[in-house]
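Notes to accompany the following structure.
The values are calculated or read from the model by the stated rules, or taken from the named source; none is laboratory data. Since the model is a prediction, treat every value here as computed from it, not as a measurement. All Cβ positions, even for glycine, are placed from backbone atoms using ideal geometry, and neighbour counts span all protein chains on display.
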Amino acid sequence: MTKTVLVSGASGFIGSHVAARLVEEGYRVRAMTRNPGSYRGAGEPVAGDVSDPGRLTAAFAGVDVAYYLVHSLGSEDFEKRDAEAARNFAAAAAGAGVERIIYLGGLGADDGELSAHLRSRREVEEILRAGPVPVTVLRAAVVIGHGGISWEITRQLAERLPAMVTPQWVNTRTQPIALPDAVRYLTGVLEPEEARGRTYEVGGPEVLRYIDMLQRVAKIRGDHLPNVTVPLLTPRLSSAWLKFVTDVDVETARNLVDSMSNEVVVKDDAITRLVPGPLIGYDEAVRLALADRESAEQHDRAESR
């Protein structure tokens, strides 16, 4: 029997690709969005808003598995908003008798030193798990793909600066993952019974510092990006600096930059045995993201003619 899968955040960076992959694999996909009339992605658009419990009941009717792929980084009170949204989603899933929730959270050690952004991701895990519906959690660092906020910051910095004066956090280690691999893992945990209630850490084949990521993007573009690290450039100051160099809004930049002092590296690679397959390296992930951006720009130019 074909499963009906609800994808929240279906018009977003990750959700749009998850919905498309699930449709390709033959699932009935409900693409949850606040504006179904303008939705142009994969699946059947259905109205829903995680901040409004009254708009979730109809979206969940008949759903077997639900993906939770939304967050509120662009607001000052994102921790409160995300917690409330998770409670609403978990309650709606329980009321509909959903078999499983699949959630994409953030990597990071549970050592009490997590940033507000990563603490919020962890709190959402706990809220979802507090309900009766089994939850499968995937934790990731930066996802490299066109449309991703963290990737967009990286791309714009590498493209727009002839040299960088950077804060200490550029030396923090992270384990980026290519968008196709993140989507493959997210869809790959849907069926296996052993994934019910489990947490998996996902990452690409390389552990890199943020400065390594920036300099390799510049090299792929045929540029050279010198760097001078200034320890006194605090996360708050550096997020304000990003406002002048990138198109990312300052609140989102601040919430992301605060997390960049946390090392986010895979410690448990169990996902590679549950969902086996070769991983895309960082340089290839960058090339794919740049190619997707070029294709999107060509499409937009054609549409505007």
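Couple of notes before you dig in:
- Residues in the range 22-38 that are under 24 Å from ALA90 (Cβ atoms) and either surrounded by fewer than 18 Cβ atoms within 10 Å (Cβ to Cβ) or of a type outside the set (S, T, N, Q) (or both): 10 in all.
- Residue count for the range 267-305, restricted to those that are touching a strand residue (DSSP E or B) at 6+ places or on another chain (Cβ under 9 Å), in a helix (DSSP H, G or I) and more than 27 Å from ASP110 (Cα to Cα): 5
- Only one of the numbered conditions (1) buried (at least 17 other Cβ atoms within 10 Å of the Cβ); (2) touching a strand residue (DSSP E or B) at 6+ places or on another chain (Cβ under 9 Å) is violated by GLY62, and that is (1).
- Number of positions in the range 18-35 that are part of a loop (DSSP other than H, G, I, E, B) and either of a type in the set (A, V, I, L, M, F, W, C) or within 21 Å of HIS71 (Cβ to Cβ) (or both): 2
- Flag for GLY54 being more than 21 Å from PHE13 (Cβ to Cβ) and not in a loop (DSSP other than H, G, I, E, B): yes
- Only one of the numbered conditions (1) under 23 Å from ARG129 (Cβ atoms); (2) at pLDDT 95 or above; (3) crowded, with 23+ Cβ neighbours inside 10 Å is not met by VAL50, and that is (2).
- Complete set of residues in the range 157-178 that are under 23 Å from GLY12 (Cβ atoms), modelled with pLDDT of 80 or more and not small (Gly, Ala, Ser): THR174, GLN175, PRO176, ILE177
Residue-by-condition table, conditions (1) within 22 Å of THR136 (Cα to Cα); (2) touching a residue at least 60 places away in the same chain (Cβ under 8 Å); (3) in contact with a Cys (Cβ under 6 Å, 6 or more places away or on another chain):
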| position | (1), (2), (3) |
| --- | --- |
| PRO176 | yes, yes, no |
| ALA195 | yes, yes, no |
| GLU206 | no, yes, no |
| ARG209 | no, no, no |
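- Among residues of the range 81-112, those that are crowded, with 23+ Cβ neighbours inside 10 Å, in contact with a Pro (Cβ under 8 Å, 6 or more places away or on another chain) and in a helix (DSSP H, G or I), counted: 1
- Apart from one condition, SER120 fits all of (1) crowded, with 21+ Cβ neighbours inside 10 Å; (2) more than 28 Å from ALA296 (Cα to Cα); (3) in contact with a strand residue (DSSP E or B) (Cβ under 6 Å, 6 or more places away or on another chain); the exception is (3).
- TYR68 satisfies every condition listed in (1) hydroxyl-bearing (Ser, Thr, Tyr); (2) surrounded by 21 or more Cβ atoms within 10 Å (Cβ to Cβ); (3) over 19 Å from VAL143 (Cα atoms) except (3).
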